[in-house]
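First comes the structure, then the notes that go with it.
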Amino acid sequence: MPPARSATRPPRIGALRLGTLADGDTGLLRPGADLEGLRYDALDVAELSLAGARLDGVHLIGLAADETDLSGARLMEVRLERVVLPVVRAERGQWRDVEVVGRLGSVEAWEARWRSVHLVGCKIDYLNLRGAELLDVELTDCVVGELDASQATLQRVRLRETRVERLDVRGARLTDLDLRQAGLGDIDGLLDLRGATLRPEQLLDLAPLLAAELGLRIEP
C-alpha cells in the first residue's frame with residue numbers, strides 16, 4: 001500500500017492570457033454565439049442570453065444584467081470583472097481558465113464542469129454545484145450564503161478567506177478539498193467530508209455536529 005500523502009495539494013490555477021482584445025459588438029451576444037478575443041466594458045442589460053455559446057479570450061468589465069443565461073456555454077480564458085448578476089443559469093456549462101470578480105445572487109451551475117476557475121471577492125447568495133465536476137478551483141475572499149456541492153466531484157479545491165454559511169456535501173467525492181481558511185456555518189453531509197482538510201480548531205467546532213450525526217450522546 002502506498003504511503004499516505006502528508007500535504008494537501010493546492011489548486012493549479014494559471015494566469016489568464018487574454019492578449020490584445022477588440023471591442024465587442026453587443027449584437028454578437030446571443031445564444032450559440034462564437035466569441036473570441038473580445039472586450040466588453042460597462043454593459044448594462046436586462047437579460048444576457050449566451051446559452052450554448054463559446055467564449056474564448058473574452059473580458060467583460062462592469063457587466064450588469066438582471067438575468068444571465070450561460071447554460072451549456074463553454075468559457076475558456078474568460079474574465080468577468082466587477083459584475084453584478086442577480087440570477088445566473090450556468091448548468092452543464094464547461095468553464096476552463098475563468099476568473100470572476102463581483103456580486104452574484106443565485107448561481108445554478110449544477111452538472112457543470114469547471115477547471116482552473118477562480119472566484120475572487122465574490123458575494124454569492126446561492127451557489128448550486130450539485131453533481132458538478134470541479135478540478136483546480138479556488139474561492140478567495142468570498143462570502144457564500146449556501147454552497148450546494150451534493151453529489152459533486154471536487155479535486156484540488158480551496159476556500160481561502162471565504163465564509164460559507166451553509167455547505168452541503170452529501171454524496172460528494174472529495175480529493176484535496178482545503179477548508180482550512182474557510183469560515184463554516186452549518187454543514188449537511190458531515191460523514192461525506194472524507195477527502196477534506198480542516199484545521200484542528202475547526203474539528204473542535206464541528207464536534208457537536210459530528211456527535212449528532214453519529215447519534216452520540218455526550219455527558220459529563
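Some points to look at:
- Whole-Å distance, taken between Cα centres, linking segment 1-69 and segment 147-219: 29
- Rounded to the nearest Hz, the phi-derived 3J(HN,Hα) couplings of segment 92-103 under the Karplus curve 6.51 cos²θ - 1.76 cosθ + 1.60 (θ = phi - 60°) are 6, x, 10, 10, 9, 6, 10, 10, 10, 10, x, 10, where x marks glycine and proline.
- Top of Gly183, Gly27, Gly121 by mean-square fluctuation, Gaussian network on the chain, Cα under 10 Å: Gly27
- Average accessible area per residue (Å²) across segment 1-159 - probe 1.4 Å, nucleic acids and ligands excluded: 47
- Reported label for calculated percent of Cα pairs over 33 Å apart given (1) 13; (2) 20; (3) 23: (2)
- In degrees, nearest ten, helix 200-214 long axis to first principal axis of the chain (Cα): 70
- Beta bridges by DSSP in segment 134-220, antiparallel share as percent, to the nearest 5: 0
- For the chain, the Cβ-based charge dipole about the Cα centre amounts to some 840 debye (Lys, Arg positive; Asp, Glu negative; other atoms uncharged).
- Spacing of the modelled spin labels on Asp25 and Glu161, each 7 Å from Cα toward Cβ, amounts to 4.2 nm.
The values are calculated or read from the model by the stated rules, or taken from the named source; none is laboratory data. Keep in mind it's a predicted model, so treat the numbers as computed, not measured. Note that each Cβ is placed from the backbone with ideal geometry, even for glycine, and that neighbours are counted across all protein chains shown. We work out accessible area using only protein heavy atoms, side chains counted, and drop any ligands, DNA or RNA first. Shrake-Rupley method; radii C 1.70, N 1.55, O 1.52, S 1.80 Å.
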